[in-house]
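See structure below.
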Amino acid sequence: MIHSEISHYRMASQKLYQENQCSPEEIVHHFGAMQAQDYAMAKWAIGSRCNSSEKIIEEAVNSGKVIRTHILRPTWHFVSADDIYWMLELSAPQVKRFTASAAKKFGYDEKKLDQVNSSIEKLLAGNNHLTRDEIMQELGIKKTSSEDFLSAAIMMNAELDGLVCNGRMKGKQITYALLEERVQKPKAKMSKEESLARLALRYFESHGPATLLDFSWWSGFAPTICQKAINAIELQLSSITIDNQTYLFSKNRSIEDNFRESVHFLPAFDEILISYKTREVSFTGNHQSKTFTNNGIFKPVILENGKVIGIWKRTIKKDHVKIETEFFNETASSKKEILFEGIKTFETYLETKVVIE
């Protein structure tokens, strides 16, 4: 393996070759957690790795097989029902520092947040699924631009306390429900060390080859803590050093995987980019600034053989979806036709016509 080939092996680890038929919940379980703040396109992050339609993935979320909540870092993630409790217990303390700071600006200390949690629990009890606006209305918190930050902090705190998670979609609106009414709480608990080791193994199985700093960025834990987790699972990992940089990956993943020609239209914030501290292995030129900004906004990308060659966006129309593309380098029409074949899976996923403009 050489540095320029790392992106190919990451494609295999991230199941972008669709080696097996997987359900949406199996894909999410494989990753451990998948960033999901853009809900509509986050579903496509799952769909691009299995043969499920958007409707099937939405049903997995609505039924609680896949949970959408704040975890690891202070942003939305998809997590499988099997992983939600141990992963939440592990990462919630570090994320709560952000929510506590935000809530304090509005006069909400830990005691007041606990009181609000009690009120939210009563509102949602009995499988009652409510939107954030509906919950805030019941709590007497007005809908203003400044109070919106407070409502976000309140609901994120309730998520991190294991009280709530996503509920069933109400039209196009996201709702909240009680976590324990969606997923039964396990009786056994893991130690923090066991949970960290499990998280590390899951990361390198699904994202490797990756570095210590990549895992630290993705997990939200300090490099010193991450190194201890890596040490605990070192017998289950292989490594390769390139340019004095050590890359780790699962021993179950052969570095001799056959290379496959492939084109993928992937969503913004996809794990293929967002889950690494540095992303130069996915680019062949100086185009990173066209793909993501310094303040953390990622655009949907077009990958050819593991390398980002352009960006794209979709617009939902009445009877079709319009796709607009921007390639970084001048691309011949004949090659574009081949590249556009890669969007056919998106058409199947949406179950509607896709028009490229």
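How large is ³J(HN,Hα) for each residue in segment 263-273, as worked out from phi by the Karplus curve 6.51 cos²θ - 1.76 cosθ + 1.60 (θ = phi - 60°), to whole Hz, x for Gly and Pro?
So the J values, rounded to whole Hz, are 10, 9, 9, 10, x, 4, 6, 5, 4, 4, 10.
In whole percent, what relative contact order does segment 173-301 give with Cα contacts below 8 Å and a gap of six or more residues?
Numbers: 113 pairs, mean separation 30.3, N = 129.
Once divided by the residue count of segment 173-301, the mean separation gives 23 percent.
Kirkwood Rh over alpha-carbon pairs of the chain, then Stokes-Einstein at 25 °C and 0.890 mPa s: what D in µm² s⁻¹, rounded to an integer? Write down the numbers at each step before the final one.
Values: Rh = 21.5 Å.
Translational D for this selection: 114 µm²/s.
Send over a whole-number figure in Å² for the accessible area per residue of segment 23-181, probe 1.4 Å. Could the numbers behind the result be given before it?
Values: 6800 Å² over 159 residues.
With all protein chains present, segment 23-181 gives 43 Å² per residue.
Whole-Hz ³J(HN,Hα) for each residue in segment 62-72, computed from phi via Karplus 6.51 cos²θ - 1.76 cosθ + 1.60 with θ = phi - 60°, x for glycine and proline: what do you get?
4, 7, x, 6, 10, 9, 10, 7, 8, 7, 6
Any chance you could look up the accessible area of Lys290 with a 1.4 Å probe, heavy atoms only, rounded to 10 Å²?
Here the residue's solvent-accessible area equals roughly 80 Å².
What's the carbon and sulfur percent of segment 23-181's accessible surface, probe 1.4 angstrom, rounded to a whole number?
Working: 3330 of 6800 Å².
In segment 23-181, the share of accessible area belonging to carbon and sulfur is 49 percent.
Can you list the lysines whose alpha carbon sits under 16 Å from that of Lys307, skipping same-chain ones fewer than 8 residues off?
Cross-link targets: Lys15, Lys290, Lys299, Lys335, Lys336.
Tell me which residues come under 5 Å, amide H to amide H, from Trp76 once H is placed; ignore anything under 5 positions away on its chain.
Ala36, Gln37
Straight distance only, please: which aspartates and glutamates reach the Cα of Lys322 with their own Cα at less than 13 Å, same-chain residues fewer than 8 apart left out?
Glu347, Glu357
Which value, in Å³ per residue, describes the convex hull spanned by the Cα atoms of segment 237-357?
Dividing the Cα hull volume of segment 237-357 by its residue count gives 142 Å³.
What order do you get for 126-133, 305-312 when each peptide is scored by the mean count of other beta carbon atoms within 10 Å, highest first? Please list the in-between numbers first.
Details: 126-133: 15.0, 305-312: 20.5.
Averaged packing, sorted descending, gives the order 305-312, 126-133.
For the pairs Lys55/Lys170; Lys122/Lys189; Lys65/Lys96, note any where the Cα-Cα span goes beyond 20 Å. Please list the in-between numbers first.
Values: Lys55/Lys170 14 Å; Lys122/Lys189 27 Å; Lys65/Lys96 25 Å.
With Cα atoms farther than 20 Å apart: Lys122/Lys189; Lys65/Lys96.
Relative contact order of segment 129-195, please, whole-number percent, based on alpha carbon pairs below 8 angstrom and at least 6 residues apart. All intermediate terms of the calculation are to be shown ahead of the outcome.
Numbers: 55 pairs, mean separation 21.0, N = 67.
It rounds to 31 percent for segment 129-195.
In what sequence, highest mean first, do 263-272, 97-106 appear when ranked by Cβ atoms within 10 angstrom?
Values: 263-272: 23.3, 97-106: 15.7.
The most tightly packed comes first, giving 263-272, 97-106.
Set the Förster distance to 25 Å, then compute FRET efficiency between Leu235 and Glu89 from the Cβ-Cβ distance, nearest 0.05.
Numbers: r = 26 Å, r/R0 = 1.02.
Efficiency, from the Cβ-Cβ distance: 0.45.
Relative contact order for segment 263-356 using alpha-carbon pairs under 8 Å, separation at least 6, rounded to a whole percent? Working shown, then result.
Values: 123 pairs, mean separation 25.7, N = 94.
Answer for segment 263-356 is 27 percent.
Residue by residue through segment 24-30, what is 3J(HN,Hα) from phi via Karplus (6.51 cos²θ - 1.76 cosθ + 1.60, θ = phi - 60°)? Round to whole Hz and write x for glycine and proline.
Computed from phi, the couplings for segment 24-30 are x, 5, 5, 5, 5, 4, 4 Hz.
In whole angstrom, and with the biggest value first, how far do the Cα coordinates of segment 1-128 range along each principal axis?
53, 38, 24
The values are calculated or read from the model by the stated rules, or taken from the named source; none is laboratory data. Please read all numbers here as calculations on a predicted model, not as lab measurements. Glycine gets a Cβ as well: all are built from the backbone with ideal geometry, and neighbour counts include every protein chain shown. Calculation scope for accessible area: heavy atoms of the full protein, side chains included, ligands and nucleic acids excluded. Shrake-Rupley method; radii C 1.70, N 1.55, O 1.52, S 1.80 Å.
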